[in-house]
Amino acid sequence: MEAVILILGLLFFAFMALGVYLGVKAIGAAKRGVDRTITQARRTVEDTTLRAKSYGQAGVGGELAQLRLALRTSMRATQEALQSGAAEDASLSESLGLFQRLSVHGRELDDELKKLEREPDRATVASLLPGLKQRTERITHSADSLRWAARDRARQFADDDLDALNAQIDVEAGALRHWTVEPDEPARGQEKPQGDGRDQGQRQGQGRGPADDVAQAITAPDPRRQTEYPWQKAARPETMN
């Protein structure tokens, strides 16, 4: 009895621990989903604000907004392309590692541009713009190169797979149309021997015996029952009487 109570107690505590573990996992997943949603919403609002500043604000502020928007757009597009491609192509893992190193420089530049937006000394910021533009172009150029290389690689794999599939389909289509192949000529051994009428007559004559000759002498041959040869015309009815 005590053993049964002990087993039931262990099962109870095991189910309790499992329930707590599943609850913590569910809470963590919900928290990550909320954080992801908040981050996405904050990013959308910030991008919309930068886009509005780049088009509606002139001077140094508008140029800084344009640089930040170009940087963020290029980096985000490259990240999405590499992450989606790495799930199917393991060779993109190295490219993804290079992009992560590039992202460090991109975040540093974005933070610097964000701070300069609030800088009151516009003259100093204007003097820094050429260097900031060059850094932005270098980072976006590297990100674009990785992104387009990954897309070209995926497109090449798709073209190769399509070529192989087309070749297999052509072979299968030819096999399905087997009745369109020209039939072989019949073998010589299967041809029916064709001889002239004289040979046939000789064979027929050889096959007759003396009794057949006597019967033919007694009974006149019926012209209607005579053997017709291919070159003879059919006898007319009025000539048989």
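The values are calculated or read from the model by the stated rules, or taken from the named source; none is laboratory data. What you see is a predicted model, and the numbers here were worked out from it, not measured in a lab. All Cβ positions, glycine included, derive from the backbone under ideal geometry; neighbour counts span all protein chains shown. Side chains included, ligands, DNA and RNA excluded: accessible areas come from the protein's heavy atoms. Shrake-Rupley method; radii C 1.70, N 1.55, O 1.52, S 1.80 Å.
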Accessible carbon and sulfur surface of segment 1-96 relative to its total accessible area, %, 1.4 Å: 67 percent
Point-to-point label distance, residue 76-residue 42, nm (Cα→Cβ direction, 7 Å offset): 1.4 nm
Net charge contributed by nearby residues that have their C-beta within less than 14 Å of residue 146 (K/R +1, D/E -1): +1
Average accessible area per residue (Å²) across segment 54-98 - probe 1.4 Å, nucleic acids and ligands excluded: 51 Å²
Sites residue 118 and residue 145 - FRET efficiency at Förster radius 25 Å, r taken between beta-carbons, to 0.05: 0.20
Over segment 30-168, equivalent-ellipsoid semi-axes from the Cα gyration tensor in Å: 35, 18, 14
Estimated FRET transfer efficiency (residue 83, residue 5; beta-carbon r; R0 45 Å; 0.05): 0.25
